[in-house]
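All remarks here apply to the structure that follows.
Nothing in this text is a laboratory measurement; each read-out follows from the coordinates by a stated rule. Only a predicted model underlies this, so the values are computations on that prediction, with no experimental measurement involved. Here the Cβ is made from the backbone with ideal geometry for all residues, glycine too, and neighbour counts use every protein chain on show.
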Amino acid sequence: MKKRKKLIITAAAALIFLAGIAGSLWIWLAPHGQTVEILQDDKVLYTIDLTGQEDRIIQVEYEGRTNTVQIQNGRIRVLEADCPDHTCVRMGWLDSAAPIVCLPNHLVIRFTGLHETVDEAL
């Protein structure tokens, strides 16, 4: 009985591990265009087509704090941020379906066309 229980637990752990890998690959390899949105509190501040976009810096403010968004060579990232954890800066260049998020400053940078609502899907 102990061997059977151990086998079931091992199989369940393996399935969870494989599902995690599959989900990660789906997010990493999801197709995306070159148009991004910069949102704050679910309000679109900028919609930018990165194709042919000139290099530029965008300052996005929230309650006295600033995120410095950099567009360079057709890519986008948060270069600097006045937030306590700087997770958004460490995320690097936006290159997958996973958005860049700065929770303290309510900022989201994401590729467009990847976020369907339930109503749009029906």
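As I understand it, the dipole of the chain uses +1 on the Cβ of Lys and Arg and -1 on the Cβ of Asp and Glu, about the Cα centre. Which of Leu39, Leu15, Thr66 lies farthest toward its positive end?
Selected residue: Leu15.
Can you list the equivalent-ellipsoid semi-axes of the chain, largest first and in whole Å, using the square root of 5 times each Cα gyration tensor eigenvalue? Numbers along the way, then the final one.
On the way: eigenvalues 256, 64, 41 Å².
They are 36, 18, 14 Å, listed largest first.
For region 54-113, state the average projected area of the convex hull of the C-alpha atoms over all orientations, rounded to one decimal in nm². Don't skip to the end; give the middle numbers.
Values: hull surface 16.3 nm².
With every direction weighted equally, the projected area is 4.1 nm².
Expressed in nm to one decimal, what extension gain is obtained for the pair Asn73 and Phe17 from 0.36 nm per residue of sequence separation less their Cα-Cα distance? Present the calculation step by step, with values, prior to reporting the outcome.
On the way: separation 56, 0.36 × 56 = 20.16 nm, distance 3.62 nm.
So the chain would gain 16.5 nm between Asn73 and Phe17.
Would you please put 95-104, 57-66, 16-25 in order of how densely packed they are, using the mean number of other Cβ atoms within 10 angstrom per residue and starting with the highest? Each step should come with its number before you reach the end.
Numbers: 95-104: 17.1, 57-66: 12.9, 16-25: 10.2.
Listed from highest to lowest mean packing, they are 95-104, 57-66, 16-25.
Using a basic spin-label model with each label point 7 Å from the Cα along Cα→Cβ, how many nm lie between Tyr62 and Ala98?
A separation of 1.9 nm, rounded to one decimal place.
Want the number for Lys5 to Val44: 0.36 nm per residue separation, take away the alpha-carbon distance, what's left? Don't jump to the answer; show the numbers that get you there.
Values: separation 39, 0.36 × 39 = 14.04 nm, distance 5.15 nm.
Taking Lys5 through Val44 to full extension adds about 8.9 nm, to one decimal.
Run lengths n ≥ 4 of DSSP H only: what is the helix-derived mean residue ellipticity at 222 nm for the chain, with -39500 (n - 2.57) per run over all residues, to the nearest 500? Walk me through the numbers on the way to the answer.
Numbers: 3 runs with 36 residues, N = 122.
It lands at -9000 deg cm²/dmol.
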